[in-house]
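Every number in this text was worked out from the coordinates using simple rules, so none of it is lab data. Here the structure is a predicted model, which is why all the values come from computation and not from measurement. Every residue, glycine among them, receives a Cβ derived from its backbone with ideal geometry; neighbour counts consider all protein chains shown.
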Amino acid sequence: MSEDSYLQARKIGEMTELISTSSKQLQEVSGRAEQLSAQAQTSVQIAHNGAETVDRTINNMTTLREQIQDTAKHIKRLGESSQEISTIIEFMTTSPNKPTHWPSGPQRLDPSSDGR
């Protein structure tokens, strides 16, 4: 019986060593899984920050586009006003009834002069 006990003890020892080795391997796998989890969380945060940056960039581009459109409208109105002024000046310089003397600067109206 002692041989049976010896074999059984030896098998128990081998199983204990196998379990110990498996336990160490599982601990290593667990440690690596924790590292990967931390890296994944960092990646998620980076992606979230990137998405926020893209959103801000799109909003800024939209605002810039609106400002450019407003500026274009102002430039168009200035061009139209310039054209009107050019037309008036052309009319004044080509009119047969043009005055011989144009005022050189702003004229003050004297209310007591009855417009004379």
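Annotation for T62 and E84: the two label points, set 7 Å from Cα along the Cα-Cβ direction, are 3.5 nm apart. Restricted to Cα atoms, the range 2-94 shows a radius of gyration and a Dmax of 39.6, 135 angstrom.
How big is the dipole moment of the range 1-96 about its Cα centre under a simple scheme where the beta carbon of each Lys and Arg is +1, that of each Asp and Glu is -1, and everything else is neutral? Debye, nearest 20, please. Write out the running numbers ahead of the final one.
On the way: 9 positive and 13 negative charges, 35 e Å.
Dipole size: approximately 160 debye.
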